[in-house]
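Below is one structure, written out as structure tokens, with a few remarks after it.
The values are calculated or read from the model by the stated rules, or taken from the named source; none is laboratory data. All figures in this text were calculated on a predicted structure; none of them were measured in a lab. Note that each Cβ is placed from the backbone with ideal geometry, even for glycine, and that neighbours are counted across all protein chains shown.
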Amino acid sequence: MGEVDPAFIQAIDRRPNPKPKNSSLVDEIPTIDLSALRTGPEDDIRETGSSPSDVSGHAKLVSEIGHACKNWGFFQVVNHGVPLELGRKIEDVAKKFFELPGEEKRKVKRDMVNALGYHDGEHTKNVRDWKEVFDFLVEDQTAVAASHEPGDEELRVLTNQWPQYPPEFREVCQEYARAVEKLAYKLLGLIALSLGQPKNRFDDYFKDHQTSLVRLNHYPPCPSPHLALGVGPHKDAGALTVLAQDDVGGLEVRRKSDGEWSPVTPTPNAYIINVGDIVQVWSNDKYESVEHRVVVNSEKERFSIPFFFFPAHHVMVKPLEELLSDGNPAKYREYNWGKFYATRNRSDFKKQEDWGFFQVINHRVLLEKRQRIEAAARKFFALPLEEKRKIRRDEKSLPENRFNSYFEDRTSFIRLNHYPPCPSPQLAIGVGRHKDSGALTVLSQDDVGGLEVKRKTDGEWITPNAYIINVGDILQDPHPSNTNQNLKATF
Ligand SMILES: [Fe+2]
């Protein structure tokens, strides 16, 4: 087995199974034929068709879409109207771009100022994804909220950055985005009809600075596909995602009927559609945004191209009033898409400030040294109790002010922790909730997992892994000699 950097290693309960259960019997997402949309004069959906067969064709389509959204949240579409040649062209330029040397790709690397372009450090739920990406806006330039702060009305402009090579890259990408955008509007119309609404019910939310995005994904072969993921489990935040994937496969969807991961077998020239959180809110939970992930493999690289259909920054997202009643009260409070978007982008770039915890990779601590201390700790803790108690520590011998002398006295210390299996893990805890009192803690842990960090954004306990660094009270202390008041110790 080759080795992957610990930053990519998923917690045990999030790792992919080597073989899906009942793999020969998998129940896959539905495939919907959109040819009924193409019978009209403008290759568009109508609320009613002109002939009886049109009417029944459209009604059947709307009902199929509604059924797929309700039962799966995911479906594939064929005969979708996006020219196949365009799909081939964008795949070709994506391959050419990702083949470029790293320094060439990094010329269009995204950063704190520009969130668009090339990126190879994407994280899902704080674990690195095994992939590299290139992002561009459908609008080439759009306005977004300048900050996540609720009272801040300021906007900032996001602009695409384009690589020099391959030369046709920009033109192909923009042509592709326009074609898939048309498909996205048609699908949104079908979803509106399936909710008993006019087909253009949602269209205005995307006019005037939509924030939709196209992402080119490249998943290189991975030496340890059982430990890492191309994209960790997540739900999509937007309205719809329209995904093109090649014939390698890897996308898996959490099946609503039984919670199992169901692979999406590539269908040539099909698009995979999923409803995102916004449709879930609009429909007041009639349609749910469903969890999905991407598994990687050790032999083949994979390319995929999602189109994320995002509204304009000023859109307030809330359940459709037309759907609400005494028996179906609103399940969500309204929220502003722009502020949500700004919060998410901010968290991509300010992980340290926002979390108090972060992971480091390429840390130059040799794996061998880490393995040796782990082995020594295991041997020590396996000793009989009386042997270990020979060096039992005496709390009284530690100086009271051991953490007050900064670093001159070298009060830094290493602790070897051993957490035996616990017969009642729901009652006990390995280490109770606390903040660290020092300057920094550098933690190495094995593959069992257990550390949880209270996320500052929502107070949820989440599980990181690998070398973990956390900011302690000393760095939080606003003393002039050692301060960064923006950093706060986290539980
Ligand atoms: Fe996704």
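Below is a table of values for the structure above.
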{"quantity": "Of residues in the range 250-275 being in a loop (DSSP other than H, G, I, E, B) and in contact with a Phe, Trp or Tyr (Cβ under 8 Å, 6 or more places away or on another chain), the one nearest to Pro329 (Cα to Cα)", "calculated": "Lys256"}
{"quantity": "Residue within the range 423-439 that is under 23 Å from Lys379 (Cα atoms), outside any loop (DSSP other than H, G, I, E, B), at pLDDT 75 or above and out of contact with any Cys (no Cβ under 6 Å at 6 or more places or on another chain) present", "calculated": "no"}
{"quantity": "The range 300-309: number of residues that are under 21 Å from the mean Cα position of the chain (by Cα) and more than 14 Å from the ligand (Cβ to nearest atom)", "calculated": "3"}
{"quantity": "Residue match in the range 179-197 (condition: farther than 19 Å from Val82 by Cβ, of a type in the set (Phe, Trp, Tyr), in contact with a strand residue (DSSP E or B) (Cβ under 9 Å, 6 or more places away or on another chain) and surrounded by 15 or more Cβ atoms within 10 Å (Cβ to Cβ))", "calculated": "no"}
{"quantity": "Of all residues in the range 342-360 being at pLDDT below 65 and of a type in the set (A, V, I, L, M, F, W, C), the one that is farthest from Ala143 (Cα to Cα)", "calculated": "Trp355"}
{"quantity": "Qualifying position, being at pLDDT 80 or above and either within 16 Å of the ligand (Cβ to nearest atom) or farther than 22 Å from Asn200 by Cα (or both), among Ala382, Ala312", "calculated": "Ala382"}
{"quantity": "Count of residues meeting criterion [hydrophobic (A, V, I, L, M, F, W, C), part of a helix (DSSP H, G or I) and within 15 Å of the ligand (Cβ to nearest atom)] in the range 276-299", "calculated": "2"}
{"quantity": "From the options Gly238, Gly232, residue that is within 16 Å of the ligand (Cβ to nearest atom), under 27 Å from Asn284 (Cα atoms) and either among the hydrophobic types (A, V, I, L, M, F, W, C) or outside any loop (DSSP other than H, G, I, E, B) (or both)", "calculated": "Gly232"}
{"quantity": "Filter pass, Val242 being at pLDDT 95 or above, more than 30 Å from Glu99 (Cβ to Cβ) and among the hydrophobic types (A, V, I, L, M, F, W, C)", "calculated": "no"}
{"quantity": "Among (1) touching a Gly at 6+ places or on another chain (Cβ under 7 Å); (2) aliphatic (A, V, I, L, M); (3) within 23 Å of Lys331 (Cβ to Cβ), the one test that Val279 misses", "calculated": "(1)"}
{"quantity": "Residue in the range 202-215 that is surrounded by fewer than 18 Cβ atoms within 10 Å (Cβ to Cβ), out of contact with any Asp or Glu (no Cβ under 7 Å at 6 or more places or on another chain) and farther than 23 Å from Asn336 by Cα present", "calculated": "no"}
{"quantity": "Scan of the range 216-250 for residues that are charged (D, E, K, R) and surrounded by fewer than 21 Cβ atoms within 10 Å (Cβ to Cβ), ordered by number", "calculated": "Lys235, Asp246, Asp247"}
{"quantity": "Output for the range 90-124, where each listed residue is surrounded by 17 or more Cβ atoms within 10 Å (Cβ to Cβ), basic (Lys, Arg) and in contact with a Pro (Cβ under 9 Å, 6 or more places away or on another chain)", "calculated": "Lys105"}
{"quantity": "Selection from the range 315-344 of residues that are within 16 Å of the ligand (Cβ to nearest atom) and loosely packed, with under 15 Cβ neighbours inside 10 Å", "calculated": "Arg344"}
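To keep it simple, each residue is scored yes or no on (1) within 25 Å of Pro220 (Cα to Cα); (2) in contact with a helix residue (DSSP H, G or I) (Cβ under 7 Å, 6 or more places away or on another chain); (3) hydroxyl-bearing (Ser, Thr, Tyr).
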site: Trp130; (1), (2), (3): yes, yes, no
site: Gln141; (1), (2), (3): no, no, no
site: His148; (1), (2), (3): no, yes, no
site: Asp152; (1), (2), (3): no, no, no
site: Val157; (1), (2), (3): no, no, no
site: Arg170; (1), (2), (3): yes, no, no
site: Glu175; (1), (2), (3): no, yes, no
site: Leu187; (1), (2), (3): no, no, no
site: Pro198; (1), (2), (3): no, yes, no
